[in-house]
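**Q** Dumping the structure here so I can ask a few things about it.
The values are calculated or read from the model by the stated rules, or taken from the named source; none is laboratory data. As the structure is a prediction and not an experimental result, all values here were calculated from the model. With ideal geometry, Cβ positions are generated from the backbone for all residues, glycine too; neighbour counts draw on all protein chains shown.
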Amino acid sequence: MTDRYASFVRSGAGRALVKRLGLPDPPRLRRYAVGDPLLPGPVLLGAADGSRLAAQVARLLRDAGVEVDDAGVEVDDAGVEGGDAPTGSAPDPATGQPPRRGALVYDATGITDSTGLRQLYDFFHPQARSVLPSGRVIVLGTPPAGCGSPREATAQRSLEGLVRSIGKEFGRGVTAQLVYVTPDGDAGTATSLEATLRFLLSGRSAYVSGQVVRVGTGTATAPADWNRPLAGQVVLVTGAARGIGAAVARVLARDGAQVVALDVPAAGDALAAVVNEIGGTAVQLDLTGADAPARLADHLADRHSRVDVVVHNAGITRDRTLGRMDADRWDAVLDVNLSSQERINDVLLERELIPEGGRLVAVSSIAGIAGNRGQTNYATSKAGVIGLVDALAPALAGRGISVNAVAPGFIETRLTARVPLVIREAGRRMNSMAQGGLPVDVAETIGWLAWPASGAVSGNVVRVCGQSLLGA
Ligand code: NAD
């Protein structure tokens, strides 16, 4: 549905009013189109003394066609020797302003003590106004659990506060993320770091901000063409007839996947329209049916002999406060949103239809993180999805299968169009982007987690919520 307020504030009269009254000012977000450059301008790359990733990052950014200013730090494979003021912060002599940046990328892996955090201020302070609209801020760190000392773990954990605050402060569609990269990396780590940076820098991550992504180890394969990162993959998308699921089917097909789109028989016409558009195949099946997992597994085995990616998107709401909720509402939501996922995973894994390099991506919700009045059933099911990721990711690592979830915030769909007006407006504005997300924003995030190149990204729950204040 349309966001009339956003359309109004982008008009001439609206702009003046927003400025005068200090009203929320939803920016136009930069969204991905095939062939787009990664960024609208050059990257300023900085690094703390002794950091370990800057040389690799400089190389992969340049290979991706990005202009990189490495800020005067001595970036080489032996690590970083920095400490001087970044040359990139020198004002442009013509304008007196710092040069405009598509992104600021800072390798903070060298910070081993809280006193070293001052290097963050020294790098970011002069750049605070230099980032272009819909630009990006990315900080690279070491996961606290992988640090060599309590002081290093403390300093690395501090990075979260910086990144989440920058996400709230910079505005104009600029996003900020923290990427923790394991210090015990393998070849998969390098490939998945590249995949993650390509996602986070591009317009694919328009509505993802304030997130912490962990890159570990695992089976990860770079694509021949980063414009078709899912080429040759067989993908199942549940709940694909409309809303977020239909957007997932479209985005994954655009990125080269063969899509098997599933929905209930009652949604057959809408499902047929989606598969006709993308050249996929349709499965009409109610996931809650007793024989649904076996029928689905038979279909995938007969037609494709495997399924590389399973996207558990189908979901329902049956809202009531707990005291007024009948057992049927509880049961229906738990069954569709959680138990059916477990039953399908079990059968597909038992029959070894998900090969090495496979991906499970589930759709949770920020309600599963923060809870929500009137949604005890829904929030229970969506928190369960996060539990499923926590439990299955380590259990399936040995089989080379990654398990992740996305947690959407307020996304403009039929589901949110039914929300009462005042709550709907609050949901739209109470985030760093001051607007609701689009189904395509969730779809792009699922797509990245599904890429063969993302295998070392497992056990993550990535919110697609414009950095919502709910569940913050
Ligand atoms: P939607 O209602 O538009 O689409 C859900 C689809 O799932 C429908 O096509 C429906 O027919 C299908 N489905 C439902 N029960 C099924 C069953 N038993 N078997 C097979 N298919 C079934 O919803 P949406 O907004 O696109 O949401 C998609 C997912 O995203 C859901 O899991 C939802 O909980 C989650 N989510 C949405 C939002 C949002 O703001 N829209 C926010 C957070 C999470």
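**Q** Tell me, please, whether a residue that is aliphatic (A, V, I, L, M), under 20 Å from residue 243 (Cβ atoms), within 11 Å of the ligand (Cβ to nearest atom) and part of a loop (DSSP other than H, G, I, E, B) can be found in region 292-311. Before the answer, list the steps.
**A** Going residue by residue through region 292-311, those that are aliphatic (A, V, I, L, M) are 292, 294, 296-297, 300-301, 307, 309-311.
Checking the rest, the ones that are also under 20 Å from residue 243 (Cβ atoms) come to 309-311.
Now restrict to residues that are within 11 Å of the ligand (Cβ to nearest atom): 311.
Next, only the ones that are part of a loop (DSSP other than H, G, I, E, B) stay: none.
No; the residues of region 292-311 include none that is aliphatic (A, V, I, L, M), under 20 Å from residue 243 (Cβ atoms), within 11 Å of the ligand (Cβ to nearest atom) and part of a loop (DSSP other than H, G, I, E, B).
**Q** Further, regarding this structure: Can we say residue 223 is outside the structural domain of residue 449 (by TED's automatic domain parsing) and surrounded by 24 or more Cβ atoms within 10 Å (Cβ to Cβ)?
**A** Against the criterion (outside the structural domain of residue 449 (by TED's automatic domain parsing) and surrounded by 24 or more Cβ atoms within 10 Å (Cβ to Cβ)), residue 223 does not qualify.
**Q** Check residue 442 against each of (1) of a type in the set (Val, Ile, Thr); (2) out of contact with any Pro (no Cβ under 8 Å at 6 or more places or on another chain); (3) within 24 Å of residue 167 (Cβ to Cβ) and name the one condition it does not meet.
**A** That leaves (2) as the condition not met.
**Q** Same structure again: Being within 13 Å of the ligand (Cβ to nearest atom), buried (at least 20 other Cβ atoms within 10 Å of the Cβ), under 30 Å from residue 221 (Cα atoms) and in contact (Cβ under 8 Å) with a residue 24 or more places away in the chain is the requirement here; does residue 466 meet it?
**A** Working: within 13 Å of the ligand (Cβ to nearest atom): yes; buried (at least 20 other Cβ atoms within 10 Å of the Cβ): yes; under 30 Å from residue 221 (Cα atoms): yes; in contact (Cβ under 8 Å) with a residue 24 or more places away in the chain: yes.
The answer is yes for residue 466.
**Q** Check off (1) buried (at least 24 other Cβ atoms within 10 Å of the Cβ); (2) touching a helix residue (DSSP H, G or I) at 6+ places or on another chain (Cβ under 8 Å); (3) not charged (D, E, K, R) for residue 437 and give me the number that stays unchecked.
**A** Residue 437 satisfies every listed condition except (2).
**Q** In region 362-396, what count of residues is obtained for those that are part of a loop (DSSP other than H, G, I, E, B) and more than 8 Å from the ligand (Cβ to nearest atom)? Can you show your working first?
**A** Residues of region 362-396 part of a loop (DSSP other than H, G, I, E, B): 364-366, 371-375.
So of that shortlist, the ones also more than 8 Å from the ligand (Cβ to nearest atom) come out as 371-375.
The number of residues fulfilling the criteria is 5.
**Q** Just a yes or no: is a residue in region 394-415 touching a Pro at 6+ places or on another chain (Cβ under 7 Å) and surrounded by 21 or more Cβ atoms within 10 Å (Cβ to Cβ)? Lay out the reasoning, then the answer.
**A** Step one: of region 394-415, the residues touching a Pro at 6+ places or on another chain (Cβ under 7 Å) are 411, 413.
Still in the running and surrounded by 21 or more Cβ atoms within 10 Å (Cβ to Cβ): 411, 413.
Within region 394-415, one or more residues are touching a Pro at 6+ places or on another chain (Cβ under 7 Å) and surrounded by 21 or more Cβ atoms within 10 Å (Cβ to Cβ).
**Q** Please go through region 257-286 and give me each residue that is surrounded by fewer than 18 Cβ atoms within 10 Å (Cβ to Cβ), away from the ligand (no atom under 13 Å from the Cβ) and within 11 Å of residue 246 (Cβ to Cβ), ordered by number.
**A** Residue satisfying the conditions is 277 alone.
**Q** Within region 397-472, considering only helices (runs of 4 or more DSSP H) that don't extend past its boundaries, which have at least 2 residues that are in contact with a strand residue (DSSP E or B) (Cβ under 8 Å, 6 or more places away or on another chain) and modelled with pLDDT of 90 or more?
**A** Of the helices (runs of 4 or more DSSP H) lying wholly inside region 397-472, those with at least 2 residues that are in contact with a strand residue (DSSP E or B) (Cβ under 8 Å, 6 or more places away or on another chain) and modelled with pLDDT of 90 or more span 439-450.
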